[in-house]
Amino acid sequence: MLREWLKSAQSRYHYVEWRPMEEPRSYTDEWGPKHWPPSRFNHLMKLKQAALKAARERWADYILFVDSDNLLTNPRVLDLMMAENLTLVAPMLESRSLYSNFWCGITPQGYYKRTPDYQPIREWKRLGCFAVPMVHSTFLLDLRRTSSRSLAFYPPHPDYSWAYDDIMVFAFSARQAEQCVQMYVCNREHYGFLPVPLKAHQSVEDEEESFTHTISEALIDHIIRPSELLFVPPGPQDTMGFDEIFLINLKRRKDRRERMLNTLEALGLEATVTDAVDGKALNSSQLQALGIEMLPDYKDPYSGRVLTRGEIGCFLSHHSTWTQVVERGLQRVLVLEDDVRFEPRFKRRMQTIMEDVEKAQLDWDLIYVGRKRMQVAQPEVSVEGVDNLVEADYSYWTLGYALSLQGARKLLSAKAFSKMLPVDEFLPIMFNKHPNAAYMSHFEPRDLRAFSVEPLLIYPTHYTGQPGYFSDTETSTIWDDENISTDWDRTHAAKTAQQGQIRPIAQNSVTGDTPPPAVRVSRDEL
């Protein structure tokens, strides 16, 4: 791939040095492809030293080291780092966890040391360029400075006697330089992404999934595409055993549609775009023709407002999908909204859960894949014989859910147009878990068999108050007067805010696959 790219790209560069090496393809002392024995570190350190030596011999002003699995999404990153006017500086890279490409603490032996300084920098609570004892993966070195001349990856400094590791050896070299070279990390802007390191026992397939997840995270707020100089054949795509994957999207939200289709392609998933109903475009005569009336006495639990046209549009969008399922006789489908992000190994984990559901012959109608759990007083009931599945209690959001033909029929039989409320309030009513008995009294029967994946595999891309957040559902007009606009998501953030901390006594307990430690929220730097 690199050779093919170079054929077209080489002429754009002042100088290119290409040293292909097909062998060896493995190391004699490695346990597997993700294990780093001393021989592998030795090879890497020699490669980095050769790059450093070549840059010096060419009288380069700077050398930018970038690991091949790091994604730089800010096109100004090089200019921005040079403008900091520092000898050695790294742009802070982000991952889904707290892991990044710097440390804030280091032991006398060069190992990582936990400190309270790390998280405020990683979470952009403190902004600037910060002196740190370690940067790695992506960083810029100013070769014009005399202090940089003694920096080296290989051989290690004569006084170095600890772990044979390229980043630790280089950091030691910086500290021992005649004029000590201070490392810095900058977080003034967002610069790019890196994957969380894998464990020694993991496989190349695990690494591919990890990198795919990094791409899907980068796609949330950035447009990233393969190089125009390289032909990348499309990978295989499937529907994970579902008859169809529906992607609900407003025609005017082309940005979300393109992002989701690119993300699904990266995940190897094939989806059918179904046009959402634009609540903002609905007028009173259209609502009357459809026979739409608000559920008597319905009020939003946070703002006290009535139903919005955005919420009606959202309900009609999902209702249209349910109708397609019934009319086409689809046995099971996956329904996705266009503002979701996927958890690591989403495809493999989702397939495993559905296979287990099939083996257990579970009678199911709907399975939440992403939601906001509202009943947090006690744990939900685990499903016997199926790992990572619970019986769903009162929940918000319709980010993503699996739906059976039987479930679609039950939802349509409720004839909800004449007693409409938001679709994420309607679903808990249908499985008899809504806390408002008056609302539930309008619907019979309430026998939807609803479950939820646990832990969840889908989350919103943005929450209320975050940069990039916008709700087409909450921000519109009230249902029966198009002259009264709403912007409830700005002042009444609870519904679209992130899931709050669930007390240990109420946390769900399931068997089976859980996220690896590196992707949990509590993860700090290595």
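The values are calculated or read from the model by the stated rules, or taken from the named source; none is laboratory data. Given the structure is predicted, the values throughout are model-derived calculations rather than measurements. Note that we place each Cβ from the backbone using ideal geometry, even for glycine, and neighbour counts take in every protein chain shown. To get the accessible areas, we keep the full protein, side chains included, count just its heavy atoms, and leave off ligands, DNA and RNA. Shrake-Rupley method; radii C 1.70, N 1.55, O 1.52, S 1.80 Å.
Observations on the model:
- A count restricted to region 346-385 and to residues that are farther than 13 Å from ASN508 by Cβ and modelled with pLDDT of 95 or more stands at 24.
Residues checked against (1) among the hydroxyl-bearing types (Ser, Thr, Tyr); (2) out of contact with any strand residue (DSSP E or B) (no Cβ under 7 Å at 6 or more places or on another chain); (3) over 24 Å from VAL273 (Cα atoms):
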{"residue": "GLY400", "(1), (2), (3)": "no, no, no"}
{"residue": "LEU411", "(1), (2), (3)": "no, yes, no"}
{"residue": "ALA414", "(1), (2), (3)": "no, yes, yes"}
{"residue": "ASP424", "(1), (2), (3)": "no, no, no"}
{"residue": "ASN436", "(1), (2), (3)": "no, yes, yes"}
{"residue": "GLU444", "(1), (2), (3)": "no, yes, yes"}
{"residue": "PRO455", "(1), (2), (3)": "no, yes, yes"}
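- Filter result for VAL16 (farther than 18 Å from PRO156 by Cα and assigned to a strand (DSSP E or B)): no
- Candidate set: region 96-138, residues that are part of a strand (DSSP E or B) and β-branched (Val, Ile, Thr); chosen: the one farthest from the chain's Cα centre (by Cα): ILE106
- Filtering region 252-271 to residues that are assigned to a helix (DSSP H, G or I) and out of contact with any helix residue (DSSP H, G or I) (no Cβ under 7 Å at 6 or more places or on another chain) leaves LYS254, ASP255, ARG256, ARG257, GLU258, ARG259, MET260, LEU261, ASN262, LEU264, GLU265.
- Filtering region 272-279 for residues that are under 23 Å from the mean Cα position of the chain (by Cα), surrounded by fewer than 13 Cβ atoms within 10 Å (Cβ to Cβ) and not in a helix (DSSP H, G or I) leaves a non-empty set.
- Taken over region 71-95, the criterion of being in a loop (DSSP other than H, G, I, E, B) and touching a Pro at 6+ places or on another chain (Cβ under 7 Å) is satisfied by SER95 alone.
- Residue list for region 81-93, filter: surrounded by fewer than 17 Cβ atoms within 10 Å (Cβ to Cβ) and either closer than 22 Å to SER150 by Cβ or touching a residue at least 24 places away in the same chain (Cβ under 8 Å) (or both): MET82, GLU84, ASN85
- Scanning region 200-240 for residues that are in a loop (DSSP other than H, G, I, E, B), closer than 20 Å to PRO344 by Cβ and touching a helix residue (DSSP H, G or I) at 6+ places or on another chain (Cβ under 8 Å) yields LEU219, ILE220, ILE224, GLY235, GLN237, MET240.
- Neighbours by Cβ (under 8 Å, 6+ apart or cross-chain): first from region 27-54, without any contact (Cβ under 8 Å) to a residue 12 or more places away in the chain; second surrounded by 16 or more Cβ atoms within 10 Å (Cβ to Cβ) and charged (D, E, K, R): GLU30/ARG40
- Considering each residue of region 301-312 in turn, none proves to be of a type in the set (D, E, K, R), part of a helix (DSSP H, G or I), more than 29 Å from PRO435 (Cβ to Cβ) and under 29 Å from the mean Cα position of the chain (by Cα).
- Any hit, region 354-364, residues being in a helix (DSSP H, G or I) and polar (S, T, N, Q): no
- Restricting attention to region 173-199, the residues being without any contact (Cβ under 8 Å) to a residue 60 or more places away in the chain, part of a loop (DSSP other than H, G, I, E, B) and either β-branched (Val, Ile, Thr) or open to solvent by 20 Å² or more (accessible area, probe 1.4 Å) (or both) number 3.
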